[in-house]
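This report concerns only the one structure given below.
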Amino acid sequence: MDSIAQTISYSNTGFFSKIAADYISGNEALQPFYTHAVNIKGIKAAIEERKKYPTNRKVLTEVLEKQYAGFSLSPKQKLNIEQLSNDNCFTITTAHQPNIFTGPLYFIYKILHAIKLAETFKKEIPENDFVPVYYMGSEDADLDELGHIFVNGVKYEWKTKQTGAVGRMIVDKELVKLADAVAGQALVHTHGAAIIDLIKACYKEGVTIEQATLQLVNELFKEYGLLILLPDNAALKRLYIPVVEKELNEGFSHKAVEATAATFPKEYKLQASGRELNFFYLKDDRRDRIELDDAKYKVHDTATSFTKEEILTELNTYPERFSANVILRPVFQEMILPNIAFIGGGGEIAYWLELKKVFEAVQVPYPMLVLRNSFLIVEKEYSNKAKKLGFSIHDLFTSEQQLLNEFVKRESALQLGLGQEQEAMEGMYEKLKTISGAVDNTLVKHTEALKVKAMKRIALLEKKMLKAEKKKFEAEQRQLHKLKAVLFPNNSLQERTENLIPLYAKWGSSFIEALYQHSLGLEQQFVILEEA
């Protein structure tokens, strides 16, 4: 894919939260809630802090080797697994659930950001090695979020009665049929067969969603050295037992988050309040929260309950049955990986900012937080349409109504703005206030009220003139509407809705390579990628 890239600040897109924009700008109000600034000095500090923490690299590498048994690994992957045994090697991690067929585009962007950031740090700090890791959140049970994709605006949804952790669900006939349905939109393109064949090879009936996702993501990114970690693993969770015990005995995480909430800037909405106990009980096809009630640890919506002694025995016997929620999952991730930087979206950064005290309570290093890269992909057809309408791609981040107003005012031969007339009227009423005030000072307020009413009517007249003139540009209105609908589906970012399949079908692996080439490191900018 031949492409041209340009950047725009996140705040200027109009699609990112205030807390995300303030975080990347280094707003002082947020600084007490994280540890490392997003720069090379910050990552060096994260490395020094991480060196003091005893990561169990032996268990980590053994788990990875077992996990990849039977896979054809790239030379970079083999090297990265070997390097993880060394104390001077650190991970750059992004985390995401196993959405079917990779889900929304930003999942791909997160992974490529981890890859690019690992390379950036190696250039800046050559005495250390850095490994990009995708941590799969396969224990998430929200199938409503993970079980569908959008391809060219069409929703494809997996209908299944399976419950529990999505990663443990089994690919069934319905999901195989869904892949066939999506194929219709892909096979019209040069590389359509390649991506559909890959999906079908990964999503075979009878395999788990976790394994299908592992295989698919591995095929897409193995040449870049990406390692994928499946944390739903007894050996990894055994390392986490001390934290689970502390939570069961003290309920420490809720207290830590509450303490943070009490001092968190009121201008931001809290993302994650958590519960008294921030764990689920994960067994077979169920994932239910654990609640402490009258000295009993009860599994919600089931008949299962434990005494304290029983639940601690259960934990030590079956650590894999304890699944952290959003409050404690990050601590698990940072315990089992020698991690120094976490890449997340705006929502993820927001809730991580509430967790610093949770990390402190268990003495686990808090990583650098990096807002993930974002892209808008613009095919040449749509670049040309924008130019024909007289707009740059930057302009299209503005609302459709505002763009239409600008277009009509620019293209119409008639005067549609009444700015000069409003200024003249403003001056006239100022004179009237002087004249009337000289007669009776109480008339000044009356004259001001008349002015306000008159100015409102002039503004309304201007709107009516513009509305009437718009009718002459109905064809251009339709073109603009279609352009916005394609690039900003449902008035949101393309990356939050659309899937990889149609773009890969058109450009093949060169699309992934173009994204990789234009992925940023620590610049924290939104990228517009136009087909050349």
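In order along segment 300-316, the phi-based Karplus estimate (6.51 cos²θ - 1.76 cosθ + 1.60, θ = phi - 60°) of 3J(HN,Hα) comes to 3, 6, 9, 8, 7, 8, 9, 7, 4, 4, 5, 6, 5, 5, 4, 4, 6 Hz; Gly and Pro are listed as x. Each residue was assigned an accessible area with a 1.4 Å probe, and for LYS58 the value is about 140 Å². Using a 1.4 Å probe over the heavy atoms of the protein chains, calculate the carbon and sulfur portion of the accessible area of segment 80-149 as a whole percent. Heavy-atom surface of segment 80-149 belonging to carbon and sulfur, 1.4 Å probe: 42 percent. Between ILE241 and LEU443, the distance separating the two model label sites (each 7 Å from Cα on the Cα→Cβ line) works out to 9.2 nm.
Stretching GLU523 away from GLU48 to a fully extended chain increases their span by 168.7 nm, per 0.36 nm per residue minus the current alpha-carbon distance.
Using every pair of distinct Cα positions in segment 24-167, the Kirkwood expression returns a hydrodynamic radius of 17.9 angstrom.
For segment 180-299, the number of Lys pairs with C-alpha atoms closer than 26 Å, counting only pairs eight or more positions apart or on separate chains, is 19. Were the residues from ASP87 through HIS481 laid out at 0.36 nm apart, the gain over their Cα-Cα distance would be 136.4 nm. The distance between label points at ASP301 and ASN27 comes to 3.6 nm (points 7 Å beyond Cα on the Cα→Cβ vector).
Under a 5 Å amide H cut-off, with hydrogens placed 1.01 Å from N, SER374 pairs with VAL527 among residues at least 5 apart or on other chains. Over segment 450-491, the ratio between the Cα radius of gyration and 2.2 N^0.38 Å evaluates to 1.71. Taking all protein chains together and a 1.4 Å probe, the residues PHE71, PHE397 rank PHE71, PHE397 from largest to smallest accessible area. Segment 21-51 and segment 476-523 have Cα centres separated by 30 Å.
Computed from the alpha carbon positions, the gyration tensor of segment 1-66 leads to an equivalent ellipsoid with semi-axes of 32, 22, 12 Å, biggest first.
Straight Cα distances below 17 angstrom link LYS484 to the lysines LYS380, LYS385, LYS387, LYS388, with same-chain residues fewer than 8 positions distant left out.
Using alpha-carbon positions, what is the distance between the centroids of segment 270-324 and segment 125-182, in Å? So the two Cα centres are separated by 25 Å.
Summarising the amide proton neighbourhood of PHE71: residues at separation of 5 or more, or on other chains, whose placed amide H is nearer than 5 Å comprise an empty set.
Phi angles across segment 97-110 convert, under the Karplus curve 6.51 cos²θ - 1.76 cosθ + 1.60 with θ = phi - 60°, into 3J(HN,Hα) values of 6, x, 4, 5, 6, 6, x, x, 4, 4, 4, 5, 5, 4 Hz, Gly and Pro given as x. With the cut-off at 19 Å, report for segment 188-283 the share of all Cα pairs above it, as a whole percent. The proportion of pairs with Cα distances above 19 Å equals 66 percent.
In the chain, the alpha-carbon atoms span a convex hull of 200 Å³ per residue.
Across the chain, C-alpha contacts under 8 Å between residues 6 or more apart give a mean separation that, scaled by the residue count, equals a relative contact order of 26 percent.
In the chain, helical runs assigned H by DSSP with n ≥ 4 each contribute -39500 (n - 2.57); averaged across all residues and rounded to the nearest 500, the mean residue ellipticity at 222 nm is -15000 deg cm²/dmol.
Given a 1.4 Å probe and the protein chains as shown, TYR23 ends up with an accessible area of around 10 Å². Most tightly packed first, judged by the mean number of other beta-carbon atoms within 10 Å of their residues, the peptides 441-448, 35-42 read 35-42, 441-448. 3J(HN,Hα) along segment 168-177, derived from phi through the Karplus expression 6.51 cos²θ - 1.76 cosθ + 1.60 where θ = phi - 60°, amounts to 8, 5, 9, 5, 10, 4, 5, 6, 5, 4 Hz, with x in place of Gly and Pro.
Rolled with a 1.4 Å probe across the full set of protein chains, the surface gives LYS296 an accessible area near 70 Å². Look at the dipole of the chain built from charges on Cβ: of ALA262, LEU522, LEU404, the Cα furthest out on the positive end belongs to LEU404.
For the peptides 217-229, 352-364, 7-19, the ranking by mean Cβ contacts within 10 Å, running from highest to lowest, is 217-229, 352-364, 7-19. Just report the Cα centroid separation between segment 334-413 and segment 188-259, whole Å. Measuring centre to centre over Cα atoms gives 24 Å. Between the amide H of THR497 and those of LEU105, distances stay under 5 Å, these residues lying 5 or more places away or on another chain, with hydrogens modeled in the peptide plane.
Highest mean first, the peptides 490-499, 259-268 sorted by other C-beta atoms within 10 Å per residue fall in the order 490-499, 259-268.
The values are calculated or read from the model by the stated rules, or taken from the named source; none is laboratory data. Because the structure is predicted, anything quoted here is derived from the model rather than measured. Every residue, glycine as well, gets a Cβ built from its backbone with ideal geometry; the counts of neighbours run over all protein chains shown. These accessible areas exclude ligands, DNA and RNA; they are computed on the full protein's heavy atoms, side chains included. Shrake-Rupley method; radii C 1.70, N 1.55, O 1.52, S 1.80 Å.
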